[in-house]
Amino acid sequence: MQVKGSYQTELIEDKRIMMEKRRVLTGITTTGIPHLGNYVGAIRPAIEASRDPANESFYFLADLHALIKCHDPKRVDESRRAIAATWLALGLDTDNSVFYRQSDIPEITELTWLLTCVCSKGLMNRAHAYKAVAQENEEEGSSDPDKGVTMGLFSYPVLMAADILMFNATDIPVGRDQIQHIEMARDVAQRFNHIYKGQYFTLPEARVDDEVAVLGGLDGRKMSKSYNNTIPLFETEKKLLKLIRKIKTNSLEPGEPKETEGCTLFQIWQAFATPEQTAEMRKRYEDGIGWGEMKNDLFELVNDHLKEPRARYEELMNDMGYVEEVLRKGADRARAEAAPLMDQLRKAVGFGSFV
Ligand code: TRP
């Protein structure tokens, strides 16, 4: 009975995979060096999702997007290297996922143009990223609301739509700030499908994970590059300890009971600890653990997690040959998907062969 039962489960499982494999796709803009917040909020869940046989994962370095914000080639390249090495060091399985650099896929820029030509300007006027800059300009009393706005920034949602639609991705794991862009991708996809009378594109859906931890940074605000309050993921042990010691706390003395709610140290603890370790720490807060002791224990916990991947990261960064090879293979696989669709799209808009 047992054997039969599990055989049936397997069948059901197989069927589920065959019928509704989800194509998960996300891009990482290459302007910074990954920090603990990126790891817990995005990298770790993405690597876990790539291990789920019900998913097909497409993860890429959004280096074309980086040019929107950053004209410093050194910084863009350093970030590309660091992000690629980080994901591999943390165990991204590149057999089970397609991992590539956006700029290695010329079909994406080609598709961007086709989409640009069906995307109304009014839709882009409403994009948050652009509106934020226009509003800042207005608040500063500038006579030009578009001061500092490049066409890259303005039409950035179209490039993002091309990233997604090129691979007919179904599920886009993103933060709340990106939901609008996914809606715009759907909008543009529908316009194209309608104008050129065909089901060329699948409509993607944003997947926002509310369970995923949002870490606080050194100053207690959300850990973010723009607040300059981050703890880089693969700092040396010494620096990691130093930065953890810098995290802001209140002035309660050892022996005084402390709140776990809203405590940055506790939050980070929780993101790395087992549920048992978290329960134990909660108790120690009630018993009045001192901040110094907490910080030392937090360092030990985080460092234990990062020790091995940090060593792998350093190895990869010192010899990028392997990373380059992985990304080239990823680009080949991505292009094998992109090229046939691009052929269809070229024909759809009237660019077929003359003979
Ligand atoms: N714009 C996204 C961000 O800033 C990065 C990104 C680029 C992306 N292309 C994408 C995310 C496609 C999901 C899908 O976070």
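For a paramagnetic label modelled at 7 Å from the Cα of Ile195 toward its Cβ, which residues of the range 314-355 fall within the zone defined by backbone nitrogen distances under 12 Å? Those under the cut-off are 349-350. Amide H contacts under 5 Å for Gly220: Lys248, restricted to partners 5 or more places along the chain or on a different chain, H placed in the peptide plane at 1.01 Å from N. Projecting label points 7 angstrom from Cα along Cα→Cβ for Val349 and Asn228 puts them 4.2 nm apart. On the basis of the beta-carbon distance and an R0 of 30 Å, Thr249 and Glu211 show a calculated FRET efficiency of 0.70. Between Glu325 and Glu110, the simple label model (points 7 Å from Cα in the Cβ direction) yields a spacing of 2.9 nm. Once the Cα atoms are used to define both axes, helix 2-20 deviates from the longest principal axis of the chain by about 50 degrees. Considering only Tyr200, Tyr156, Ile182, the residue lying farthest towards the positive end of the dipole of the range 140-205 is Tyr200, judged by Cα position with unit charges set on Cβ. Average accessible surface for the chain: 55 Å² per residue, computed with a 1.4 Å probe over protein heavy atoms with every protein chain in place. Legend: calculated FRET efficiency, Asn318 to Lys21, from the Cβ-Cβ distance at R0 = 35 Å, rounded to 0.05, equals 0.40. Applying a DSSP loop filter and a limit of 15 other Cβ atoms within 10 Å to the GluC sites (Glu not before Pro) in the range 135-165 leaves Glu140.
Here the Gaussian network model covers the chain, with springs between Cα atoms less than 10 Å apart; of Gly41, Gly198, Gly122, Gly122 fluctuates the most.
Solvent-accessible area of the chain (1.4 angstrom probe, protein heavy atoms only): carbon and sulfur portion equals 51 percent.
Taking the DSSP bridge list for the chain and keeping only pairs wholly inside it, about 10 percent are antiparallel.
The values are calculated or read from the model by the stated rules, or taken from the named source; none is laboratory data. Keep in mind the model is a prediction, meaning the values are calculated, not measured. Virtual Cβ from ideal backbone geometry, glycine too; neighbours counted across all protein chains shown. Note: areas computed on protein heavy atoms with side chains; ligands, DNA, RNA excluded. Shrake-Rupley method; radii C 1.70, N 1.55, O 1.52, S 1.80 Å.
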